[in-house]
Amino acid sequence: MLLSSFDIWKPHHRSNSSDDLLAELQQRGRLPESARLLRRLPVDTQQASAQLLGMIHQHRPPWVLLGGMAEGRSRLTVERRAVHETGVHYTPMPVWELVAGLDHTDVSYHAGRFVCNATYYQILSDIATANLPTQALFLHVPCSRGEAWPEIVADADQLLQRLMTRFPSPPQMVPETVSDFAAVSG
């Protein structure tokens, strides 16, 4: 599996909640050893997509969970689709089944008009075009300073556990050290 987060993009941001979520799940030991992380991707569709697609083509994980910050949302949202001027791509993942019973999580049909939507569209498009054995899902994470943060982390953990149960990593995937773009690129 491959999990990603974005870096900050506004001067008032201290962190990106999608990265805060990955860090917290990792700190709690809730990520499997075989998980590959691309943390703090640049907030640039071409750069982020290139890094993600490179990892997807190289490692062919069964699924990738893309994460982004949704500053204006108060609930965790699983994005059902990504829209581009040339079309729409839907995730084939069973989003309604994955969020069933989660108290602070919704399904969304609008991944925004910024880098999250564009990157998600590019990933879904490339997976479909290349007929890769990977499925992608985008998770929008509200600000980590909100009072519902503990419940959002719990829902994200439950969602991740459901993904791992339904789409386990194949045994040939070898654990690898975490790739931290921000640390590597300076």
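The values are calculated or read from the model by the stated rules, or taken from the named source; none is laboratory data. Given the structure is predicted, the values throughout are model-derived calculations rather than measurements. A quick note on method: Cβ atoms are made from the backbone with ideal geometry, for glycine too, and the neighbour counts reach across all protein chains shown. Remember, those area values only see protein heavy atoms, side chains included, never the ligands or the DNA or RNA. Shrake-Rupley method; radii C 1.70, N 1.55, O 1.52, S 1.80 Å.
Numerical summary
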| item | result |
| --- | --- |
| Listed residues ALA156, LEU52, ALA111: farthest to the positive end of the dipole of the chain (Cβ charges) | LEU52 |
| Principal axis dimensions, the chain - Cα atoms, whole angstrom, descending | 41, 39, 38 |
| Per residue solvent-accessible surface (Å²) - the chain, probe of 1.4 Å | 48 Å² |
| Sites excluded, trypsin sites (Lys or Arg not before Pro) in DSSP loops with at most 10 other C-beta within 10 Å, longest stretch of the chain | 29-112 |
| Projected label distance in nm at ARG145 and THR86, using a 7 Å step from Cα toward the beta-carbon | 4.0 nm |
| Exposure rule at most 16 other beta-carbon atoms within 10 Å, DSSP loop GluC sites (Glu not before Pro): the chain longest free segment | 86-146 |
| Accessible carbon and sulfur surface of the chain relative to its total accessible area, %, 1.4 Å | 50 percent |
| Mean separation of Cα contacts under 8 Å (6+ apart) over length of the stretch 92-142, as relative contact order % | 38 percent |
| 10 °C / 1.306 mPa s Stokes-Einstein diffusion coefficient of the stretch 32-115, Kirkwood radius on C-alpha pairs, µm²/s | 108 µm²/s |
